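What follows is calculated from the coordinates using simple rules that are stated; it is not laboratory data. Keep in mind the model is a prediction, meaning the values are calculated, not measured. Every residue, glycine among them, receives a Cβ derived from its backbone with ideal geometry; neighbour counts consider all protein chains shown.
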Amino acid sequence: MSVAWSSLSRAQQTALEQQFPHLQALRTEHITLCQACARAALNQSPDFDVLEQRRAAALAALQTAQQQAVVQAGVQPAYDCPLCQDRGYVVLNGQRRLCACRAAALAERGGQRVADLPCFADDTPSLIADDRQRLGQARLRGLLEAYVQAFPHNPKPNFVLLGQTGLGKTFFLGCTARALRENGHRVKYLSAYQLLELFRAQHFGERHTLPALIDVDFLAIDDLGTEPIYRNITLEYLQILLDERLRRHKHTALTSNCLPAQLTERYGERITSRLLDAPTTDVYGLTGADLRRQHR
């Protein structure tokens, strides 16, 4: 049975790219076309459709070449759990049973299972009626796909998605988190309220909680601004988290319904400057109609 490229560790993928140099060239070409599509969508260029077709063809060529390299090299995946080979279950006496690794994952508090998040293939721009909004969504998708391909060597490690409810912020954050996890990176995805619960756990004695959040490769926080402000907890631990992740060159992304001025009013200038720091963070503002109502 052929082994999927996404099941390989990042180290294995890098080794294959060194063994087969054309893989890196194909990946670079795909990133370039993603960025070109994003610029064309932003500028409402008539070349967008042609560029999008070229991007899709480049991605298909890259995936085919990656799979051929895996087969030719005879590489086997590096499973996080050799017992169940990351399937989440084992078969004992003919019965399928939950593996210990999956049981431990289910027992974790304060986060969403990344495998349950949406993926970029779920994007349906054809359902968006407004041309400008559809092009904006296509541009954002291109930028985030390029972010995933470049990870962890992104020019800016962080990004923020701002806008009203129903514009796709949570969807695209989830797609990015899932794609990074499938590429072998350590990812944590959680809501702002779940993050606050972990801050409270740290504050009341669970000393391992905050270090785990600081150490993860990619931290995705959804709906910042909806969580309560608890005295001596919310602002203080958020400041520590952001400062330490920046200091350690970790990647962080978040969504919020708040405008920059509202973020400043809620969290203060010091935290907001970390959230929207221009040298390290790309800020994308989403506009348009509520997509949830359009798709009903």
Point to revise | Fraction of alpha-carbon pairs over 24 Å apart in the chain - percent | key: 57 percent
**Study point:** Given charges at Cβ of Lys, Arg, Asp, Glu: the chain dipole, positive-most of HIS153, GLN239, GLN24
**Key:** GLN239
Revision key, fill the gap. For the GLN76, ARG134 Cβ pair and Förster radius 30 Å, calculated FRET efficiency rounded to 0.05 is 0.10
**Study point:** Inter-label distance for THR165 and LEU259, nm, one decimal - labels placed 7 Å from Cα along Cα-to-Cβ
**Key:** 1.9 nm
Revision key, fill the gap. In terms of the charge dipole of the chain, which places +1 on Lys and Arg and -1 on Asp and Glu at the beta carbon, the residue among GLY205, LEU263, GLN35 farthest towards the positive end is GLY205
Exercise for review: Extending each Cα 7 Å along its Cβ direction at SER273 and ALA60, get the distance between those two points in nm, one decimal.
Suggested key: 5.1 nm
Practice item. Rounded to the nearest 0.05, what FRET efficiency do ARG10 and GLU244 give with R0 = 35 Å and r taken as the Cβ-Cβ distance? Could you check? Key: 0.95
Exercise for review: Report relative contact order for region 1-75 in percent, whole number only (criteria: Cα-Cα under 8 Å, sequence separation at least 6).
Suggested key: 46 percent
**Study point:** Contour minus Cα-Cα distance for CYS119 and GLN18 (0.36 nm per residue)
**Key:** 33.6 nm
**Study point:** Amide N proximity, region 186-202 versus THR226 label position 7 Å along Cα-to-Cβ, cut-off under 13 Å
**Key:** 190-196
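Quick one: work out Rg over Rh on the C-alpha atoms of region 174-296, Rh as Kirkwood radius.
Ratio value, two decimals: 0.97.
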